[in-house]
Each structure stands twice: as C-alpha cells, then as structure tokens.
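Following: one structure in structure tokens, then a few remarks.
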Amino acid sequence: YWLGGISSWGIDLVKRGYFVATLASPNTITYGDTTKPYDLSKFDVFIVPEPNTLFSASEKAAIFAYVADGGGLVAVGDHWNSDRNNDGWDSPEIWNDLDPTQLLGVHWQVQNETNNNITQDTGNFDATPGDSIVDGPVGYADSLSFHNGDTFVLNPAANPRVRGVFWMQGSAHGNVNVMAARSEYGNGRVFFLGDSSPIDYGSAQPGNSSIYDGWGEAAGRDSLLAMNATFWVTRRPMPTLSVPEPAAVA
C-alpha cells in the first residue's frame with residue numbers, strides 16, 4: 001500500500017495476488033541485466049503512466065526487446081502541452097519519440113494535429129465478442145471518460161495487429177479519433193490510453209486541482225478498462241488465491 005495519483009491501480013493488482021513495484025529514480029529501464037532489482041526481465045508487465053522525460057537510447061532498446069520477447073506494456077499519455085517538468089517534452093511527444101516509425105502501430109496527436117486535447121465521456125467501443133479488454137475478468141468496460149486527453153492515429157500498414165478499443169463519441173471505427181488502442185509486437189502486447197485522468201485516484205498535494213478520481217468516476221468504467229487491459233497484456237491468468245479455512249470453534 002502506498003499513496004499517490006495511481007495508487008488504486010497498484011493496490012487493486014496487489015489485492016488480486018500480483019506483485020507490484022515502482023521503478024523510481026535513480027533506477028533506469030533495463031532488460032536482460034539481472035543484477036538490476038527492477039530489470040524488466042523480472043516482470044510480466046511494464047506500466048508507464050504519462051512519461052515526462054525522454055527515454056534514453058538504451059531504455060528504448062530495452063522496452064522494444066522486452067515487448068518483442070513477450071512482455072506487456074501499458075502506455076498511458078495525456079493531452080498535448082502537458083509538460084509537467086518544463087523540459088520541452090510532454091507525454092504524447094515522448095511516446096512518439098520512442099516509436100518514430102510506428103512499429104507498434106500508433107501515432108499520438110501533438111501540436112497542430114486534431115483532437116490532441118479532448119474532454120468527453122464515450123461509449124463508442126469495439127464490441128467484438130471475446131475481447132477481454134472490454135469484457136474481461138474485472139467487468140464490462142463499456143464507457144471511458146477523458147478530462148483533457150489525447151487521441152491516436154492508427155497505422156495498420158506499419159503494424160497490422162493494431163486495433164482501436166475506444167473512439168470519440170460519434171466517430172467511425174477507423175484509424176483516427178482513437179482514445180484507447182491495443183497492439184502486438186513480436187510476442188508481446190501493448191495497450192495505449194490517451195489520458196491519465198482515467199487511472200487517477202484523485203490524491204495529490206493540497207492545492208493541486210489538475211486531478212480527477214477517474215478510478216472511481218461513475219461516468220466511465222475506467223478502472224475496469226485499465227485492469228482488464230493489464231491482465232490482457234500479461235498473457236498470464238489471474239493468480240489463484242488460497243483462502244485459509246476458519247478455525248473450528250469448540
């Protein structure tokens with residue numbers, strides 16, 4: 001248990017039997033270096049919520065190798081011009097910098113591109129039967145709420161395994177106006193979410209108003225979507241928890 005804007009996501013995973021760790025500074029993203037305590041080879045899924053610092057060349061290589069070998073990646077961004085640390089880069093630009101040739105099949109909308117900062121509730125989702133991201137082990141995630149989020153343009157020519165999951169309300173199920181998407185690369189899976197509000201628990205320092213309790217928001221099924229997507233990218237069934245029998249009472 002810990003505090004922070006995305007603490008509910010981690011806590012809900014722990015309650016279901018998963019081990020969750022935070023990759024904090026000064027640790028860097030590595031893959032294949034088992035001397036590192038948080039090397040990606042030791043984890044089934046790597047969750048990156050709204051990155052605000054560019055990935056180094058070695059970190060980019062580690063992420064792609066990890067996913068190609070079967071690792072799961074959950075890539076969460078936010079709207080364009082959401083540069084939290086004032087280094088000139090926001091999360092959509094950082095995700096595009098990670099994958100400039102769109103090997104994962106997704107381009108994040110940035111400056112001078114359409115729908116790069118939207119607020120809306122949508123129930124416009126892919127209802128393909130058997131899709132465990134929408135209809136998964138945690139519940140039926142039939143809606144999604146954005147509070148200033150970004151959309152994607154899908155590039156199936158670069159990656160034919162990319163698919164939209166949620167679109168803007170009223171949009172056709174094509175390659176634009178996508179709010180959540182899924183993809184596969186090598187043996188691994190990736191889930192993309194264009195806004196950090198759906199995963200936010202609403203906790204922050206006093207005076208910080210740029211937060212939302214998306215995890216518990218009634219307008220969307222945001223927590224169900226995030227949890228289902230996490231289980232989908234892991235390729236591993238939910239842990240079976242053993243419950244001790246109550247002691248006999250004389």
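The values are calculated or read from the model by the stated rules, or taken from the named source; none is laboratory data. This one's a predicted model, so the numbers in the text were calculated from it and none came from an experiment. No Cβ is skipped: glycine too gets one built from the backbone with ideal geometry, and neighbour counts run over all protein chains shown. Note: accessible area is taken over every heavy atom of the protein model, side chains too, but ligands, DNA and RNA are not part of it. Shrake-Rupley method; radii C 1.70, N 1.55, O 1.52, S 1.80 Å.
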For this session: Within 10 Å, count the other beta carbons around each residue, average over each peptide in 22-33, 64-75, and list them highest first.
Result: 64-75, 22-33
Exercise. Rounded to the nearest 500, what is the chain's calculated 222 nm mean residue ellipticity when only DSSP H runs of at least 4 contribute -39500 (n - 2.57) each, over all residues?
Worked result: -5000 deg cm²/dmol
Exercise. Using the Cβ atoms and a cut-off under 13 Å, what net charge is assigned to the surroundings of D97, where Lys and Arg are +1 and Asp and Glu are -1?
Worked result: -4
For this session: Please give the FRET efficiency for Y140 paired with I11, using the beta carbon to beta carbon distance and R0 = 25 Å, rounded to the nearest 0.05.
Result: 0.70
Seminar exercise, completed: Two pseudo-spin positions, 7 Å from Cα along C-beta at N27 and at D83, lie apart in nanometres by 2.9
Exercise. Counting Lys +1, Arg +1, Asp -1, Glu -1, what net charge surrounds A229 among other residues with beta carbon under 15 Å of its beta carbon?
Worked result: -2
Problem set entry | Answer label, with percent of Cα pairs over 26 Å apart calculated from the coordinates and candidates (1) 50; (2) 56; (3) 37 | (3)
Exercise. Among R189, R182, what's the order by accessible area (1.4 angstrom probe), most exposed first?
Worked result: R189, R182
Exercise. Can you give the accessible area of T34 in Å² (nearest 10), computed on protein heavy atoms with a 1.4 Å probe?
Worked result: 100
Exercise. Working out 0.36 nm times the residue gap between A127 and N112, then minus their Cα-Cα distance, what length gain in nm do you get to one decimal?
Worked result: 2.3 nm
For this session: Using amide H atoms built 1.01 Å from N in the peptide plane, name the residues 5+ places from F46, or on other chains, whose amide H lies under 5 Å from its own.
Result: G72, L73, V74
For this session: Enter the accessible area of D97 (Å², nearest 10), with the probe set to 1.4 Å and all protein chains included.
Result: 50
For this session: Please work out the FRET efficiency for the pair N187 and V20, using the Cβ-Cβ distance as r and a Förster radius of 30 Å; give the result to the nearest 0.05.
Result: 0.85
Exercise. In the neighborhood of G139, defined by Cβ-to-Cβ distances under 14 Å, what is the net charge if each Lys or Arg adds +1 and each Asp or Glu adds -1?
Worked result: -3
For this session: Could you go through segment 164-177 in sequence order and give the Karplus-derived ³J(HN,Hα) for each residue, using 6.51 cos²θ - 1.76 cosθ + 1.60 with θ = phi - 60°, rounded to whole Hz, and x for Gly and Pro?
Result: x, 10, 10, 10, 4, 4, x, 7, 5, 7, x, 9, 10, 6
For this session: Per residue of segment 135-147, in order, report the coupling 6.51 cos²θ - 1.76 cosθ + 1.60 (Karplus, θ = phi - 60°) as ³J(HN,Hα) in whole Hz, putting x for Gly and Pro.
Result: 10, x, x, 8, x, 9, 8, 9, 7, 8, 10, 10, 10
Seminar exercise, completed: Per-residue accessible area, 1.4 Å probe, largest first, puts K36, K60 in the order K36, K60
Exercise. Which whole-Hz couplings ³J(HN,Hα) result when phi for each residue of segment 25-34 is put into the Karplus expression 6.51 cos²θ - 1.76 cosθ + 1.60, θ = phi - 60°, listed in order with x for Gly and Pro?
Worked result: 4, x, 5, 10, 7, 10, 8, x, 10, 6
For this session: Excluding residues fewer than 8 places away in the same chain, name every one of the lysines whose C-alpha is closer than 27 Å to that of K60.
Result: K36, K42
Exercise. So how far, in whole Å, is the C-alpha centre of segment 86-105 from the one of segment 1-66?
Worked result: 18
